[in-house]
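Read the structure below first, then the notes.
What follows is calculated from the coordinates using simple rules that are stated; it is not laboratory data. Bear in mind that the values here come from a model prediction, so they are computed numbers and not experimental data. Quick reminder, even Gly has a Cβ in these numbers, built from the backbone with ideal geometry, and neighbours come from all protein chains shown.
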Amino acid sequence: MNKLDVINLLVPHPVQPRAVEEQFAPSNIALCKYWGKRDRELNLPVNASLSVSLKSLGSRTRLSPIDGLADEVWLNGERQRPETMFASRVSAFIDLFRQHSSFSLKVETHNNIPTAAGLASSASGFAALALALNECLDLQLNPQQLSVVARLGSGSACRSVFDGFVEWRMGQREDGMDSHGIPLDQQWPDLCIGLIKVDASTKAVDSRAGMQRTLETAHLYQSWPLQAATDLSRLQQAIETQDFALLGECAEQNALSMHATMIASWPPLLYWQPDSITAMRQVWQLRQEGLPVYFTMDAGPNLKLLFEASAREVLLEQFPGMEIVQPFCA
Ligand code: 2P0
């Protein structure tokens, strides 16, 4: 089963583009991480994951039909050459919908994610593109189907189709139709996420290659699915009972467990910089002094702090320049 087959199941007829309004999708931070694929073509995960969406930080994408044989791809107001990674991934994704008709699109994407914080934009980018294609091509897909479509672009994009807490059910099916995001009902108005920039430069090994290397070479990876399943159910319990310490502990331990599998792969993958470790120690010290603050990290050197609104001022003193998002507040 490949991506074309999956789109053919969802959209088995010719489509024609029309000019529509731009669509927005938020970036997301995983509290229980997606790390490892059981199907690389369809981005089907080894484990279920759970994230929180970053409200108004993310990507907005406008699509409009154009004449000509090639798409025109713009990112943050700059035209992208077709051979760039960004333009080629976007056009390859649109190709999935050109199986029964031919058309070209102008794609205009803006990311308002602070690039300084080193946050990946592929999740919000592919989610916004999926939402925009749904409108532009009048696909009439429901949110779960849109989450499936976004996953074909980038795994974590299936969570960015929704706001708030989102669980990505791993699913069982070979076609992946049961592997998509599900939004949770619970809110957490006091929850804050602090974005700490350690290093914003492009990493040498991206997540896609990193998770594959880990899966293929780290013996420690065998313990990851069980760790993730345990963390996921404890996180669900923490969200249900609004138990912040439990939420923070599970998220931090989950992130460090994922990094342990990376470090144990070969060649080793160590995304941390000396400043990452300094910030981790600072968080542990603050916790020892009684401040409820935890961190999570993705496949990079930057930390994302988890805390409640009451800790905001103290943490801003400790980490000047930290950008704070309150995902459940207007
Ligand atoms: C996550 N990451 O759950 C994990 C934690 C990075 C570390 O999802 O190959 O860009 O496009 O499916 O979605 C980043 O992986 O990878 C990611 P692909 P993706 O947020």
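Taking a point 7 Å from the Cα of His110 along the Cα-to-Cβ direction, the residues of the stretch 56-99 with backbone N closer than 16 Å to it are 56-64, 74-79.
For Asp71, nonlocal amide neighbours, meaning residues 5 or more places apart or on other chains whose placed amide H falls under 5 Å from its own, are Leu105.
Reported to the nearest whole Å, the Cα centre-to-centre distance from the stretch 137-212 to the stretch 72-91 is 22.
The GluC sites (Glu not before Pro) of the stretch 156-257 that DSSP puts in a loop, and whose beta carbon has at most 16 other beta carbons within 10 Å, are Glu174. For Ala200 and Gln242, the FRET efficiency from 1/(1 + (r/R0)^6), where r spans their Cβ atoms and R0 equals 35 Å, is about 0.60.
Of interest is the spacing of the C-alpha centroids, which for the stretch 11-25 and the stretch 258-286 amounts to 42 Å. Relative to the longest principal axis of the Cα atoms of the chain, helix 143-153 runs at roughly 90 degrees. Pairwise inverse Cα distances across the stretch 192-325, averaged and inverted, put the Kirkwood hydrodynamic radius at 15.7 Å. Normalised by the number of residues in the chain, the mean separation of alpha-carbon contacts (under 8 Å, six or more apart) gives a relative contact order of 20 percent. DSSP finds beta bridges in the stretch 3-183, and of those with both partners inside it, around 90 percent are antiparallel. Packing, taken as the mean count of other beta carbons within 10 Å per residue, orders the peptides 130-136, 90-96, 266-272 from highest to lowest as 130-136, 90-96, 266-272.
Based solely on its DSSP helices, what 222 nm [θ] is calculated for the chain when runs of n ≥ 4 H residues each add -39,500 (n - 2.57) and the sum is averaged over all residues, nearest 500 deg cm²/dmol?
Mean residue ellipticity at 222 nm (helix-derived): -11000 deg cm²/dmol.
In a DSSP loop and with at most 12 other Cβ atoms within 10 Å, the GluC sites (Glu not before Pro) in the stretch 277-330 are Glu289.
To test your reading of the geometry: what angle, between 0 and 90 degrees and rounded to tens, separates the Cα axis of helix 274-288 from the longest principal axis of the chain? Around 50 degrees separate the two axes. The angle between the Cα long axis of helix 85-95 and the longest principal axis of the Cα atoms of the chain comes to about 50 degrees, rounded to the nearest 10.
Shape analysis of the stretch 3-183 places it in the oblate category; the axes a ≥ b ≥ c from the Cα gyration tensor give an a/c of at least 1.5, with a/b not above b/c.
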